[in-house]
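Colleague: Provided herewith is a single structure, encoded as structure tokens, for subsequent inquiry.
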Amino acid sequence: MALKVIEHGSPEYLKMVNLRDLVLRKPLGLTFTPGELEQEKDNILIGAFEEEDILGCCMLVEESPRVIRLRQMAVLNTLQGKGIGSAIMHFAENIARDRGYKILSMHARKNALGFYEKMGYRVNGDEFTEVTIPHYVMEKNL
């Protein structure tokens with residue numbers, strides 16, 4: 001498995017969008033708008049690949065000079081629980097740390113809390129609804 005930063009608009013980016021749509025959006029009856037995708041051009045886009053196939057992905061968005069936020073974490077449903085998500089998280093944390101960020105935060109889906117807690121993240125605040133489902137803000141000091 002190869003972990004890498006993806007260029008916005010590239011063929012790998014289109015695979016990333018398709019994966020996120022399949023895993024994160026379609027189950028909720030949602031789709032991406034062209035405007036949403038355009039806003040991602042300044043984000044750090046990360047993908048896990050086996051040959052040409054994308055296995056998982058996430059993106060990092062600067063919140064402040066100290067804080068970066070993880071968004072759109074997705075792993076193919078058939079490959080969840082096999083360490084791909086953990087590898088992506090370690091890769092993302094290293095990139096964030098190397099770029100000088102001190103905190104990695106996220107809006108974590110309630111059903112993913114256990115995964116992120118095992119990675120050292122802690123809930124910060126009350127449950128809220130985003131994209132129609134329960135989420136929590138989670139953070140980790142880098």
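The values are calculated or read from the model by the stated rules, or taken from the named source; none is laboratory data. Not measured: the values here are computed from a predicted model. Positions of Cβ are generated from backbone atoms using ideal geometry, with glycine treated the same way; all protein chains shown enter the neighbour counts.
Colleague: Restricting to the range 116-134, give me the number of residues that are surrounded by fewer than 18 Cβ atoms within 10 Å (Cβ to Cβ) and at negative phi.
Modeller: 13
Colleague: Another question, then. Could you identify the single residue in 82, 102 that is basic (Lys, Arg), loosely packed, with under 15 Cβ neighbours inside 10 Å and without any contact (Cβ under 8 Å) to a residue 12 or more places away in the chain?
Modeller: 82
Colleague: If you don't mind, there's one more thing I want to ask. Cβ-Cβ below 8 Å, separation at least six or inter-chain, first residue in the range 1-20 and among the aromatic types (Phe, Trp, Tyr), second modelled with pLDDT of 95 or more: which pairs?
Modeller: That search, which allows pairs on different chains as well, returns 13/6; 13/7; 13/45.
Colleague: Taking the condition of being part of a loop (DSSP other than H, G, I, E, B), within 21 Å of residue 28 (Cα to Cα) and either touching an Asp or Glu at 6+ places or on another chain (Cβ under 6 Å) or not polar (S, T, N, Q) (or both), how many residues in the range 118-142 meet it?
Modeller: 2
Colleague: Of the conditions (1) without any contact (Cβ under 8 Å) to a residue 40 or more places away in the chain; (2) surrounded by 12 or more Cβ atoms within 10 Å (Cβ to Cβ), residue 41 fails just one. Which one is it?
Modeller: Only one criterion is unmet by residue 41, namely (2).
Colleague: Of all the helices (runs of 4 or more DSSP H) wholly in the range 1-117, which have at least 1 residues that are at pLDDT below 95?
Modeller: Counting at least 1 such residues, we get 34-38.
Colleague: Evaluate the following for residue 91: is it of a type in the set (Phe, Trp, Tyr), surrounded by 13 or more Cβ atoms within 10 Å (Cβ to Cβ) and under 14 Å from the mean Cα position of the chain (by Cα)?
Modeller: yes
Colleague: Tally time: how many residues in the range 70-79 are surrounded by 14 or more Cβ atoms within 10 Å (Cβ to Cβ), without any contact (Cβ under 8 Å) to a residue 40 or more places away in the chain and over 17 Å from residue 6 (Cα atoms)?
Modeller: Here the count works out to 1.
Colleague: Take the range 44-65 and flag every residue that is free of Cβ contacts under 8 Å to residues at least 40 places away in the same chain, within 14 Å of residue 12 (Cβ to Cβ) and surrounded by 10 or more Cβ atoms within 10 Å (Cβ to Cβ).
Modeller: Result: 53, 56, 58, 59.
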